[in-house]
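Engineer: Next up is a structure, given as C-alpha cells.
All of the numbers you see were taken from the coordinates with simple rules; none came from a lab. Source: prediction; values computed, not measured. When we count neighbours, we look across all protein chains shown, and the Cβ atoms used for this are built from the backbone with ideal geometry, even at glycine.
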Amino acid sequence: MGHKKVERIDPLTMAQASGGCDSHAHLDDPAFDADRDAVLERARRVGVSTLINIFLDPLTFNERRHLFDAYPWVFFALGMHPCDGQKASSEHMALLEKALDSERLIAVGEIGLDYYWKDCPHELQYALFSDQLAIARKHEKPVIIHCRDADEDCLMLLEAKGFCGYPVLWHCFGGDKKLAARIIKNGWFISIPGPATYPKNETLREAIAHIPLDRLLIETDCPYLAPHPWRGTRNEPAYTVFTAEAVAHARGMSIQDLWQATGETARRFFGLG
C-alpha cells in the first residue's frame, strides 16, 4: 500500500498582512542562485516584512551580501558554525569583528555546539563558541545559538559566561517544555522552525504552548527543514505561513495574531524597532 500523496499548498493562498518575520534564513545559499529574487518576492507577498539572513563565515559574507542590496528589509547575522571549528582562525575572527561595522549586520550567529556531527572535536567547538560570545558582547550584538545534541553543555557555557539576561536567541528549537522553561528563565528567546508542523512532533507543540508570546519567533532555516506540506523539498521564507499556522494552533490563537506578534518580537529582539 503506497503513501498518500501530499497536497502541495501554495503559500500565497495563506498570505497574511505585512508584519511577519523569518528570523533565520540562508538565502545566500547556492540553492537559491537560480531564483532568489522570485523567492524574496513570494516572501513579501505572504506578509514577511523582515528577514534575517544568516551567513556562516566572514568570507561568504563579504562575497555574497551584495545579493541583497535591493532588499533593505533583509538584515544579516554572521557567525561561524560549531562544525567549522577546525578551519576557524584568528584571521576569521578578525574578519568577523570588522564585518560587525556593517550597518545591516545586526547579530552574531549562528554559533554554539553541535554533537550530532562527529568531525569537529568538542574542545575546538568550545573555543570557537567562547571567542564569538566575547566578540558579540564587545560589540553589544544579540547572539543566535545553534545547539544540536548538546543542550546541557551549551546552557552551562552560556550561564557560566554571564549571558543570563543577555539577548540570546535559541534557533531551530526542537526540545521539550523543560528545556524551553530553562531558556526562558535565563531571559532568552526561542525560534520555532518548520518541524513544528510534522504530525509526530507533539512534544515540540506542547513546549510551544508554554513559551511566552513575547519570547517567541518563527523561522525557516531555509533551504533546510521545509514544513508540511512541503517537507522534503527546498524550504523558503514564504513557507513561514505553514509554521505560523501550526504554532498558532498549538497556542489556541489565530494565525493572524501569532504572525504579527512573532514579527514584533523578532524586531524587538534584533533592535529593529
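Engineer: In whole Hz, what ³J(HN,Hα) sequence does the stretch 142-152 give by Karplus (6.51, -1.76, 1.60; θ = phi - 60°), x for Gly and Pro?
Structural biologist: x, 10, 10, 9, 9, 9, 10, 6, 8, 4, 5
Engineer: Let me make sure I get this right: for the stretch 1-77, a, b and c are the square roots of the gyration tensor eigenvalues over alpha carbons, sorted descending. Under 1.5 in a/c it's rounded, otherwise prolate if a/b > b/c, else oblate. Which is it? Don't skip to the end; give the middle numbers.
Structural biologist: Values: a/c = 2.42, a/b = 1.51, b/c = 1.61.
Taking the square roots of the gyration eigenvalues as a ≥ b ≥ c, the stretch 1-77 is oblate.
Engineer: Could I ask something else about it? So what are the ³J(HN,Hα) numbers for the stretch 125-141, from phi and the Karplus equation (6.51, -1.76, 1.60; θ = phi - 60°), rounded to whole Hz, Gly and Pro as x?
Structural biologist: Coupling constants for the stretch 125-141: 5, 4, 5, 5, 4, 4, 4, 6, 4, 5, 5, 4, 5, 4, 9, 6, 10 Hz.
Engineer: Moving on to the next point. Taking the Cα atoms of the stretch 186-248, what is the range of coordinates along each of the three principal axes, in descending order and whole Å?
Structural biologist: Computed over the Cα atoms, the extents are 34, 21, 17 Å.
Engineer: Highest mean first, what order results for 32-45, 66-79 on Cβ atoms within 10 Å?
Structural biologist: Highest to lowest by the protection proxy: 66-79, 32-45.
Engineer: Still on this structure, I have one more. Near the amide H of H146, under 5 Å away, which other amide H atoms are found, from residues 5 or more places off or on another chain, if H is placed in the peptide plane?
Structural biologist: I111, G112, L113
Engineer: Starting with the highest mean, order 242-249, 116-123, 139-146 by the number of other Cβ atoms within 10 Å, averaged over the residues of each peptide. Intermediate results must be reported in sequence, preceding the final value.
Structural biologist: Values: 242-249: 23.2, 116-123: 11.2, 139-146: 21.2.
Ranked from most to least packed, the peptides come out as 242-249, 139-146, 116-123.
Engineer: Pull up the cross-link candidates among the lysines for K200, meaning alpha carbon to alpha carbon under 28 Å and not fewer than 8 places away within one chain.
Structural biologist: K200 reaches K4, K5, K118, K177, K178, K185.
Engineer: Could I ask something else about it? How do C222, C21 rank when sorted from fewest to most other Cβ atoms within 10 Å of their own Cβ? Working shown, then result.
Structural biologist: Numbers: C222 27, C21 30.
Fewest to most other Cβ atoms nearby, the residues stand as C222, C21.
Engineer: Need the full-extension length gain, R45 to K200, defined as separation in residues times 0.36 nm minus the C-alpha distance. One decimal, nm. Let's see the in-between values first.
Structural biologist: Values: separation 155, 0.36 × 155 = 55.80 nm, distance 3.00 nm.
Contour length minus Cα-Cα distance gives 52.8 nm.
Engineer: With the crude spin-label approximation of a point 7 Å out along Cα→Cβ, what separation in nm comes out for C164 versus H139?
Structural biologist: 2.8 nm
Engineer: In debye, nearest 20: dipole of the stretch 11-269 around its Cα centre with unit charges on the Cβ of K, R (+) and D, E (-)? Walk me through the numbers on the way to the answer.
Structural biologist: Values: 27 positive and 36 negative charges, 135 e Å.
Result for the stretch 11-269 is approximately 640 debye, rounded to the nearest 20.
Engineer: Would you pull out the residues with amide H under 5 Å of I9's amide H, same chain only if 5 or more places away, H placed 1.01 Å from N?
Structural biologist: Long-range HN contacts for I9: none found.
Engineer: Turning to a different aspect of this structure: For the chain, set up a Gaussian network in which alpha carbons nearer than 10 Å are linked by springs, and say which option among G112, G47, G165 fluctuates the most.
Structural biologist: Answer for the Gaussian network model of the chain: G165.
Engineer: For the stretch 51-58, just list the computed ³J(HN,Hα) in residue order, Karplus coefficients 6.51, -1.76 and 1.60, θ = phi - 60°, integers in Hz, with x standing in for Gly and Pro.
Structural biologist: 9, 10, 9, 9, 9, 9, 6, x
Engineer: Name all residues of the stretch 247-273 having a backbone nitrogen under 20 Å from the label point set 7 Å from the Cα of W73 along its Cα→Cβ direction, giving them as ranges.
Structural biologist: Those under the cut-off are 255-273.
Engineer: For the chain, calculate the relative contact order in percent as a whole number, restricting contacts to Cα pairs under 8 Å that are 6 or more residues apart.
Structural biologist: 21 percent
Engineer: Also, quick follow-up: What residues qualify as long-range amide H neighbours of A107, i.e. H under 5 Å apart, gap of 5 or more or another chain, H built at 1.01 Å from N?
Structural biologist: For A107, whose amide H was placed from the backbone, the distant partners under 5 Å are L78.
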